[in-house]
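Student: Here's a structure for you.
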Amino acid sequence: IHVVLQYSPTVSVTLGEEFGLKAGKDMNGILNASLRRTGFDKVFDTSFGADLYITELAAEVENRIRGGQQVPVFSSDCPAWVKYMEQWHPDMLPHLSACKSPQQMLGAVISSYYTGLFHINPDNLYTVSAMPCTAKKFEAQREQMTHKGISDVDAVLTTRELAQFIRLNGIDIQQMDSELADNPFHVRSSSGRLLSVSGGVTEALIRSLHHRITGKDLNQPKIAELRNTREYKEYKIKIGDFKLGFAVVNSVRQASKLISEIKAGRNDLHFIEVMACPGGCINGGGQPIGSDSAALKARIRTIYEIDEKDPIRFAYKNPAIVEIYRDFLGEPMGQKSIELLHTTYKKREVPL
């Protein structure tokens, strides 16, 4: 069995806390080395999957805006939020983005593109993900996340469980030297890492959407108005000929309120990012228990510092993303992309 692991960018800035290190320390390189020592054949960074998600999402949002249909578009990377929509607002499901989450997108290309590239039998592949979110376990088991009998992701570990797993294997992370993630998913943009924080999906999306509509980079990638921990944020911007409205919500209570406004006729928003956890994935249900607000702020600060310093700040400039579209997927929202990277939703009759 060929066993691979992908880990969320949120995990890499949180895991150190489980080992007594200061909050917000980025363990990216040390995590790669530690997980190889535990026996995984390959270790991948889900930030690549996040770049893939942003690329597909930008194409989908542009198509919907130009077609004037099913806007606003709701984000689809938070499985707790998706499940809430299926149970309580099934009439709004057409507004939910069809894009799979970064975890599931990366799982799908691992079982197709990666296995083909390295001549691995998909039947002998076992894919594990390490996530800050307990709902990711449920997401990986959804029937829509299986393609030709192969699951996108076979097993999910939370941040806490990953720390346990590393300890059980006798790994001393403080003795590890930093290593890179494995090919072909080792390169990522800082946009991919922004998905860890509330507002990050929207910020990364605007960067790619601006390029799709105008053909130019956004002059100022940083959007300060989206970088706070408020439960509700709004941002308006003119891109090309379009005046676009964005909203960021990080609680189901606020999301429900916004849905009521939309049903009542509100029409000034084109994209709405929803995270079920306050602050976003950085404060997910699988993160270290007992963390205080200072630890949360330290994690968020590290994500933004990485974005400020990173040489690649746009998902579409990730050379590995360019390569996978050129050699395998074709184009965003193309036939192959929709087949592998998009999904469907339906009304959920029971809460399981």
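Student: Which residues, taken from the range 45-59, are open to solvent by less than 10 Å² (accessible area, probe 1.4 Å) and either farther than 18 Å from residue 194 by Cβ or among the hydroxyl-bearing types (Ser, Thr, Tyr) (or both)?
Tutor: Looking only at the range 45-59, we keep the residues that are open to solvent by less than 10 Å² (accessible area, probe 1.4 Å), and these are 45-54, 56-59.
46, 47, 53, 59, listed by residue number.
Student: If you take the residues in the range 88-124 that are surrounded by fewer than 20 Cβ atoms within 10 Å (Cβ to Cβ) and among the aliphatic types (A, V, I, L, M), which one is farthest from residue 324 (Cα to Cα)?
Tutor: For the range 88-124, the residue satisfying everything is 92.
Student: How many residues, within the range 283-296, are touching a Gly at 6+ places or on another chain (Cβ under 8 Å) and open to solvent by 30 Å² or more (accessible area, probe 1.4 Å)?
Tutor: Total satisfying the criteria: 1.
Student: For the range 37-44, check the following and say yes or no: at least one residue is surrounded by 19 or more Cβ atoms within 10 Å (Cβ to Cβ), touching a residue at least 60 places away in the same chain (Cβ under 8 Å), more than 26 Å from residue 331 (Cα to Cα) and among the charged types (D, E, K, R).
Tutor: Checked the range 37-44: at least one residue is surrounded by 19 or more Cβ atoms within 10 Å (Cβ to Cβ), touching a residue at least 60 places away in the same chain (Cβ under 8 Å), more than 26 Å from residue 331 (Cα to Cα) and among the charged types (D, E, K, R).
Student: Considering the range 259-282 alone, what residues qualify as being surrounded by fewer than 16 Cβ atoms within 10 Å (Cβ to Cβ) and touching a strand residue (DSSP E or B) at 6+ places or on another chain (Cβ under 7 Å)? It would help to see each step written out before you state the result.
Tutor: Start the filter on the range 259-282 by keeping residues that are surrounded by fewer than 16 Cβ atoms within 10 Å (Cβ to Cβ), which leaves 260-261, 263-268, 278.
Within the range 259-282, 268 is the sole residue that qualifies.
Student: Examine the range 296-317 for a residue that is small (Gly, Ala, Ser) and closer than 21 Å to residue 78 by Cα, and state whether such a residue exists.
Tutor: Here is the first cut: in the range 296-317, the residues small (Gly, Ala, Ser) are 298, 315.
Checking which are closer than 21 Å to residue 78 by Cα leaves us with 315.
Yes, that holds for at least one residue.
Student: Right, something else. Restricting attention to the range 189-240, which residues are touching a residue at least 24 places away in the same chain (Cβ under 8 Å) and small (Gly, Ala, Ser)?
Tutor: The answer is 189, 190, 191, 192, 196, 198, 199, 200, 204, 208, 240.
Student: If we only count helices (runs of 4 or more DSSP H) wholly inside the range 152-258, which ones have 2 or more residues that are open to solvent by 20 Å² or more (accessible area, probe 1.4 Å) and either of a type in the set (S, T, N, Q) or farther than 29 Å from residue 325 by Cα (or both)?
Tutor: Working: elements: 159-168, 190-194, 200-214.
Result: 159-168.
Student: Something else about it: Checking the conditions here, which among 127, 146 is open to solvent by less than 70 Å² (accessible area, probe 1.4 Å), without any contact (Cβ under 8 Å) to a residue 40 or more places away in the chain and either polar (S, T, N, Q) or under 30 Å from residue 245 (Cβ atoms) (or both)? Break it down into steps so the answer makes sense when it comes.
Tutor: Numbers: 127 fails: without any contact (Cβ under 8 Å) to a residue 40 or more places away in the chain.
After applying the criteria, what remains is 146.
The values are calculated or read from the model by the stated rules, or taken from the named source; none is laboratory data. Computed from a prediction, not measured in an experiment: that's the story for all the values here. Quick reminder, even Gly has a Cβ in these numbers, built from the backbone with ideal geometry, and neighbours come from all protein chains shown. Ligands, DNA and RNA are excluded from the accessible area calculation, which covers all protein heavy atoms including side chains. Shrake-Rupley method; radii C 1.70, N 1.55, O 1.52, S 1.80 Å.
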